[in-house]
1. Between Val50 and Glu23, with labels modelled 7 Å along Cα→Cβ, what's the label distance in nm to one decimal, could you check?
2. Assuming 0.36 nm per residue, please report the length gained on full extension of the stretch Arg15 to Met69 beyond their Cα-Cα distance.
3. Kirkwood Rh over alpha-carbon pairs of the range 1-72, then Stokes-Einstein at 4 °C and 1.567 mPa s: what D in µm² s⁻¹, rounded to an integer?
4. Highest mean first, how do 39-46, 62-69, 28-35 rank when packing is the count of other Cβ atoms within 10 Å averaged over residues?
5. Show me the ranking of peptides 87-99, 8-20 by mean Cβ neighbours inside 10 Å, starting with the highest.
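No value in this document is a laboratory result; all are computed from the given coordinates. Everything quoted here is computed from the prediction, not taken from an experiment. Positions of Cβ are generated from backbone atoms using ideal geometry, with glycine treated the same way; all protein chains shown enter the neighbour counts.
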Amino acid sequence: MTNILTPHEVAEFLRLQPDQVDELLEQGELPCFEVCGERRVVLEEVEGFVARQMATANMKALGNHAVQMKVMAGVLAEDEPFREELAALEATPGTFGDLLKKAAAMGAVASKGSQENVVAFTSRRSQKGD
């Protein structure tokens, strides 16, 4: 049988104030249904809501790391003394230091405008002579 909760029980489950749960229900962020004019929530919907909130939080965290990595890539591409310092590191293979050393080497190639790592793109239209 499906577990059906009252909004008050959902508030206890999520450790929120009842008015906060009411707001989630009104906004449609947490699906509910009515029985005799009283709102009810299926437990699986609450669990899905929690999972979506966690997924959103994780994506934000990953996005922040992606921004940080982009900044680091820019520094590596533009700061030759920093690249040289990283290249001189004694790093054990598979460690973060090794990753930085490899990134510095790639940054050196990118900063010199090397075309060796550029993949040529030819559209189908240009191949057909259009």
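1. Going by the 7 Å Cα→Cβ label model, 2.1 nm.
2. Value of the extension gain: 15.9 nm.
3. Diffusion coefficient, whole number: 94 µm²/s.
4. Answer by packing, highest mean first, reads 39-46, 28-35, 62-69.
5. The most tightly packed comes first, giving 8-20, 87-99.
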